[in-house]
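The values are calculated or read from the model by the stated rules, or taken from the named source; none is laboratory data. The structure displayed is predicted, hence computed values, not measured ones. Backbone-built Cβ (ideal geometry, glycine too); neighbour counts: all protein chains shown.
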Amino acid sequence: MSGPHRAEDARRGAGRWLPHPALSVMLAAVWLLLRQSVAPADLLFAVVFGIGVPRLAHDFLGPPARPRALVRAVGFTFVVLWDIVVSNVTVARIVLDPWSAPQPAWVPVPLATRHPLAISLLAAIITTTPGTVSCIVDDEAGQILVHALDCRDAAALAAQIKDRYERPLMEIFG
């Protein structure tokens, strides 16, 4: 066998061993960070863990994500982390101030993306940012329902979520 068939078989073989290469690397790195060690036994277990878990969970995970804009994804990570810190301070101020009068609201956010991973990440980002929780992703209506602890302008919050999170996710995943 030679030519294109050989290259295709090699790619398919690598796909069986590493069905989700980014997840494999991340799991191995997290294991080493948790163990705070690069001893041979920990390195070996990290490799086994990084290869084994994605292979066992492959049928549940679906196809691997292929981000198109890796540099944008790194920058976006810092934006999300910053927003989580700022939101923590804002929520603490609301909770600790006896005279605060938060205005909770349900906010429908129309979705422009249909990429399943981008929608899942958007819901996760909304939920991990204190003061907001994503409650329902309505595929038929093409929207996500968000509960906000303090929302004075629902349209502005929806626009902020779309601009700050959905637009970059669409750039990253297409």
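Miscellaneous remarks
Residue-by-condition table, conditions (1) outside any helix (DSSP H, G or I); (2) at pLDDT 80 or above; (3) in contact with a Gly (Cβ under 8 Å, 6 or more places away or on another chain); (4) within 25 Å of ALA65 (Cα to Cα):
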site	(1), (2), (3), (4)
SER2	yes, no, no, no
HIS5	no, no, no, yes
ARG11	no, no, no, yes
GLY15	no, no, no, yes
SER24	no, yes, yes, yes
LEU33	no, yes, no, yes
VAL38	yes, yes, no, no
ALA41	no, yes, no, no
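- Among the conditions (1) part of a strand (DSSP E or B); (2) under 16 Å from the mean Cα position of the chain (by Cα); (3) modelled with pLDDT of 95 or more; (4) of a type in the set (Val, Ile, Thr), VAL133 misses just one, which is (3).
- Members of the stretch 88-120 that are touching a Gly at 6+ places or on another chain (Cβ under 9 Å) and hydrophobic (A, V, I, L, M, F, W, C): VAL91, ILE94, LEU111, ALA112, LEU117, ALA118
- Scanning the stretch 152-174 for residues that are within 15 Å of the chain's Cα centre (by Cα) and not in a helix (DSSP H, G or I) yields a single hit, GLY174.
- Taken together, the residues in the stretch 51-106 that are among the small types (Gly, Ala, Ser) and under 30 Å from ALA22 (Cβ atoms) amount to 8.
- Scanning the stretch 79-108 for residues that are within 19 Å of ARG152 (Cβ to Cβ), loosely packed, with under 13 Cβ neighbours inside 10 Å and either touching an Asp or Glu at 6+ places or on another chain (Cβ under 8 Å) or not hydrophobic (A, V, I, L, M, F, W, C) (or both) turns up ARG93, ASP97, SER100, GLN103, PRO104.
- Per the listing THR113, THR129, the residue uniquely among the β-branched types (Val, Ile, Thr), out of contact with any strand residue (DSSP E or B) (no Cβ under 7 Å at 6 or more places or on another chain), in contact (Cβ under 8 Å) with a residue 60 or more places away in the chain and closer than 20 Å to LEU157 by Cα is THR113.
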